[in-house]
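The values are calculated or read from the model by the stated rules, or taken from the named source; none is laboratory data. These numbers come from a predicted model, not from an experiment. Neighbour counts run over all protein chains shown; Cβ positions are idealised from the backbone, glycine included. We work out accessible area using only protein heavy atoms, side chains counted, and drop any ligands, DNA or RNA first. Shrake-Rupley method; radii C 1.70, N 1.55, O 1.52, S 1.80 Å.
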Amino acid sequence: MKNETCEKNMDKFLALDKYERIPLGVTLHFLCCKKCRTQARYLTLAERYTSEPIRETPVKNMLENIPIKPVSMAKWIISGIIMILMMVTFGLFLNKTDSTTFAIIFNVLFGLIITAYCSIFVAANMDFFMKKSSKLWN
């Protein structure tokens with residue numbers, strides 16, 4: 001009976017996605033069953049270690065020794081300031097024309113530009129964001 005319960009709970013645990021909340025029943029079983037709790041802990045540690053890049057020298061704590069490449073914010077700030085200045089300039093131009101067609105085109109165009117700007121920023125710095133988010137979850 002206990003082996004069936006352990007198997008069912010371990011199957012539920014293994015079916016979870018990464019960082020998904022563990023169901024209450026499985027948590028309670030892990031609190032009561034030392035064997036399953038230890039096995040789950042080892043599986044979590046194994047997943048953490050296998051997701052890291054291979055290093056030639058042994059490292060005691062792999063997660064603390066991963067260098068984070070600094071993000072150069074100068075080019076992003078400069079392009080953001082230019083974008084804001086363009087918005088203000090075109091906004092002042094639109095106030096003088098009183099055309100709803102130009103206002104719609106202006107809003108859609110700059111909405112697309114801001115979306116592209118944010119997408120390119122995240123894509124260009126994806127490694128930085130992934131490493132920062134992994135530190136938040138651990």
query: In segment 18-32, which residue that is in contact with a helix residue (DSSP H, G or I) (Cβ under 7 Å, 6 or more places away or on another chain) and closer than 20 Å to Ala46 by Cα is most open to solvent (accessible area, probe 1.4 Å)?
result: Tyr19
task: Of the numbered conditions (1) out of contact with any helix residue (DSSP H, G or I) (no Cβ under 7 Å at 6 or more places or on another chain); (2) open to solvent by less than 100 Å² (accessible area, probe 1.4 Å), Trp76 fails exactly one; give the number of that condition.
output: (1)
- line: Scanning segment 111-132 for residues that are part of a helix (DSSP H, G or I) and touching a residue at least 24 places away in the same chain (Cβ under 8 Å) gives Ile113, Ile114, Tyr117, Phe121, Asp127, Phe128, Lys131, Lys132
task: State which residue is surrounded by the fewest Cβ atoms within 10 Å (Cβ to Cβ) when the search covers only segment 43-66 and only residues that are at pLDDT 60 or above and under 18 Å from Phe129 (Cα atoms).
output: Pro53
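Residues are listed down the side, and each one gets a yes or a no for (1) polar (S, T, N, Q); (2) modelled with pLDDT of 85 or more; (3) open to solvent by 80 Å² or more (accessible area, probe 1.4 Å):
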residue: Leu16; (1), (2), (3): no, yes, no
residue: Cys36; (1), (2), (3): no, yes, no
residue: Arg41; (1), (2), (3): no, yes, yes
residue: Pro70; (1), (2), (3): no, no, yes
residue: Phe93; (1), (2), (3): no, no, yes
residue: Leu109; (1), (2), (3): no, yes, yes
residue: Leu112; (1), (2), (3): no, yes, yes
residue: Ser119; (1), (2), (3): yes, yes, no
field: Count of residues meeting criterion [among the basic types (Lys, Arg) and touching a His at 6+ places or on another chain (Cβ under 7 Å)] in segment 24-45
entry: 0
